[in-house]
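Written out below as structure tokens is the structure these notes cover.
What follows is calculated from the coordinates using simple rules that are stated; it is not laboratory data. All values derive from a computational prediction rather than experimental measurement.
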């Protein structure tokens with residue numbers, strides 16, 4: 001999900017995605033928020049990945065940078081000059097039979113009410129779910145064994 005934002009004097013983008021997986025999978029989280037204003041801005045970014053079945057936080061990050069002119073906040077790092085919170089990892093395992101949600105929020109706020117320049121920002125959040133390679137490996141091994149077994153049954157001419 002890509003965000004392209006022009007802010008005057010305040011703008012926010014947020015959302016929540018509910019999902020489940022039908023086989024073991026690995027999640028990879030990423031994202032960034034960039035903002036620019038010569039008179040100073042506030043950038044705020046948060047993201048949460050939560051297991052609704054076990055009521056467990058898999059990942060939670062929050063960064064807050066205030067009165068900055070050009071700043072980038074990267075998901076999973078602690079780059080805010082006002083507040084940083086980080087729990088969990090940007091990579092981990094998702095299990096079948098469980099329900100999850102991914103929630104995100106980005107804010108850009110002009111810190112100077114008399115500012116004559118506009119605030120500009122852009123950002124993105126990524127949640128990538130990758131099936132476990134072991135499932136593919138097991139299927140490939142099974143096909144090889146089946147092929148070898150079938151070739152042994154054929155009479156030689």
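Derived value for the stretch 2-132: Kirkwood hydrodynamic radius 15.4 Å. Basis is the mean of 1/r over every pair of different alpha-carbon atoms.
Equivalent-ellipsoid semi-axes for the stretch 48-125 (Cα gyration tensor, √(5λ), whole Å, largest first): 32, 12, 10.
When only Cα pairs below 8 angstrom with a gap of at least 6 residues are kept, the stretch 2-132 shows a relative contact order of 44 percent.
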